[in-house]
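> Take this structure, written in structure tokens, and hold onto it; I'll ask about it next.
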Amino acid sequence: MRPSALAGRPAGWGSKAPMSAWALEFGTHVLGVAEAEVRKLRHDPWELATRAVQPTLWLVIFGRVMAQVRGMPTGEMAYLDFMVPGILAQSVLFVAIFYGISAIWERDLGILQKYLVSPASRTALVLGKALSAGVRALSQAMIVYLLALAMGIRMSFQPLHILGVLAFIVLGAALFSTLSLIIACLVKTRERFMGIGQVLTMPIFFASNAIYPLALMPGWLHVVSRANPLSYQVDALRALMLPQAASVFGMITDVAVLTGTYAALVAVAARLYPRMVT
């Protein structure tokens, strides 16, 4: 089949090309979109510096104060140790949840229309943007690790644990940035998006196990927390970052919930993404 016959359709779909060739083309499209998004960091190097403010405030001020509260059921862990993975997950959430606003800017500037007429499939576009959000969020790991070391918190530096932390950061950022993209596709205006984004971040964060354990929650909040993807990201990060911690839900459950939720969000976003131009 001639290349021109595939124009305007998702690359590889409906063609007789081998699956390996389609997978290579699909991966190239995903990486191309991600690279274009990450490249924007070079034009705004201060973005990385400003991202350090929020985790610093939470750990140095809020964490120090809450560490004085007795009776926090964190087991043998000090409260600051318990809190560090939660603040990392929170930082990733805050980076990713407002990622959809870039899609609104792209529509207004005409960039989105160029994406949609490219041979890349809608799924590749969504995955590329999610991957770029994950790469951007990796800077939060460096910031939180440096803060934790400066505060004397004992961390695990086993190579496999660090790789696992990076993987869960990328997965969590991809999940919440895709949720953000869905919201942007539905509301279509920057003002509405900012309002909804601000409304979502705090409930997602506080209805999780980021800054207090599940045992401390009332029954209804415990149920909400178990349905919250952030809880599973925090659980995995806590088990990987702290040598004295273990996964509450189980690492397999953490991976299954996060990947399953992410796959569902990608399917929804791929259907909604083209409608942003209408």
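Read the figures in this text as sums done on the coordinates, not as results from a lab. Keep in mind that what you see is a predicted model, and the values were worked out from it rather than measured. Note: ideal-geometry Cβ built from the backbone for every residue, glycine included; neighbour counts use all protein chains shown.
> Taking the Cβ of Met241 as the center, what net charge do the other residues with Cβ under 12 Å away carry, scoring Lys and Arg +1 and Asp and Glu -1? Could the numbers behind the result be given before it?
Details: positive: Arg154, Arg238; negative: Asp81, Asp235.
Around Met241, the charge tally is 0.
> Amide H of Tyr99: which non-local residues (sequence gap of 5 or more, or other chain) have their own amide H closer than 5 Å, using H built in the peptide plane?
none
> First measure r as the distance between the Cβ atoms of Ser118 and Ile61, then evaluate 1/(1 + (r/R0)^6) with R0 = 51 Å and state the FRET efficiency to the nearest 0.05. Mind dumping the intermediate values first?
Numbers: r = 46 Å, r/R0 = 0.91.
The value I calculate is 0.65.
> Moving on to the next point. Which residue fluctuates most in the GNM of the chain (Cα springs below 10 Å): Leu131, Leu31, Leu181?
Evaluated over the chain, the most mobile residue of the options is Leu31.
> Karplus couplings for region 63-69 from phi (6.51 cos²θ - 1.76 cosθ + 1.60, θ = phi - 60°), rounded to Hz, Gly and Pro as x?
Going residue by residue, I get x, 5, 5, 5, 5, 7, 6 Hz, with x marking Gly and Pro.
> Pick from Ala267, Ala236, Ala184 the residue whose mean-square fluctuation is largest in a GNM of the chain, springs joining Cα atoms under 10 Å.
Maximum fluctuation in the GNM of the chain, among the listed residues, is at Ala267.
> Treating region 46-179 as a set of equal point scatterers at the Cα positions, no solvent, please give the Debye-formula log₁₀ I(q)/I(0) at q = 0.12, 0.17, 0.19 Å⁻¹.
After summing over all Cα pairs, the log10 values are -0.56, -0.93, -1.08.
> Let me ask you something else. To one decimal place, what Kirkwood hydrodynamic radius in Å is obtained for region 171-278 from all pairs of distinct Cα atoms?
Numbers: mean 1/r = 0.0663 Å⁻¹.
Hydrodynamic radius (Kirkwood, Cα pairs) of region 171-278 is 15.1 Å.
> Separate question: To test your reading of the geometry: what angle, between 0 and 90 degrees and rounded to tens, separates the Cα axis of helix 19-38 from the longest principal axis of the chain?
Roughly 60 degrees between the two axes.
> ³J(HN,Hα) across region 252-260 via Karplus (A = 6.51, B = -1.76, C = 1.60, θ = phi - 60°), whole Hz, x for Gly/Pro?
Values per residue, Gly and Pro as x: 4, 5, 4, 5, 5, 5, 5, 5, x Hz.
> If you don't mind, there's one more thing I want to ask. Could you work out the longest stretch of the chain that avoids the chymotrypsin sites (Phe, Trp or Tyr not before Pro) located in DSSP loops with at most 12 other Cβ atoms within 10 Å?
Longest gap between qualifying sites, sites excluded: 14-156.
> Quick one: if you stick a label point 7 Å off each Cα along the C-beta vector at Ala150 and Ala267, how many nm between them?
Reported label-point gap for Ala150 and Ala267 is 4.5 nm.
> Using only the Cα atoms, work out Rg/Rh for region 198-254, with Rh taken as the Kirkwood radius, to two decimals.
Checking Rg against Rh, the ratio lands at 0.97.
> Can you work out ³J(HN,Hα) from phi for every residue in region 151-165, in order, using Karplus 6.51 cos²θ - 1.76 cosθ + 1.60 and θ = phi - 60°, giving whole Hz and x for Gly and Pro?
Computed from phi, the couplings for region 151-165 are 8, x, 7, 7, 10, 8, 10, 5, x, 5, 5, 5, 4, x, 4 Hz.
> Can you give the local net charge around Asp81? Use residues other than it whose beta-carbon is closer than 12 angstrom to its beta-carbon, Lys and Arg +1, Asp and Glu -1.
So the environment of Asp81 carries a net charge of +1.
> Right, another one. When the chain is treated as a GNM, springs tying every alpha-carbon pair under 10 Å, which of Pro243, Pro18, Pro229 comes out with the largest mean-square fluctuation?
Largest GNM mean-square fluctuation: Pro18.
> Place +1 on the Cβ of every Lys and Arg and -1 on the Cβ of every Asp and Glu in region 121-202, take the dipole about the Cα centre, and give the residue among Leu146, Thr189, Ser156 whose Cα lies farthest towards its positive end.
The residue sitting most towards the positive pole is Thr189.
> Report the relative contact order of the chain, percent, no decimals, based on alpha-carbon pairs under 8 angstrom and at least 6 residues apart. Write down the numbers at each step before the final one.
Numbers: 350 pairs, mean separation 72.9, N = 278.
The normalised contact order for the chain reaches 26 percent.
> Which order do Val165, Val224 fall in if you start with the one that has the fewest other Cβ atoms within 10 Å?
Taking fewest neighbouring Cβ atoms as first place, the list is Val224, Val165.
> Quick one, what does Rg over Rh come out to for region 116-237 if you take C-alpha atoms and the Kirkwood Rh?
Here the Rg-to-Rh quotient is 1.02.
> Which value, to two decimals, describes the C-alpha radius of gyration of the chain once divided by 2.2 N^0.38 Å?
1.07
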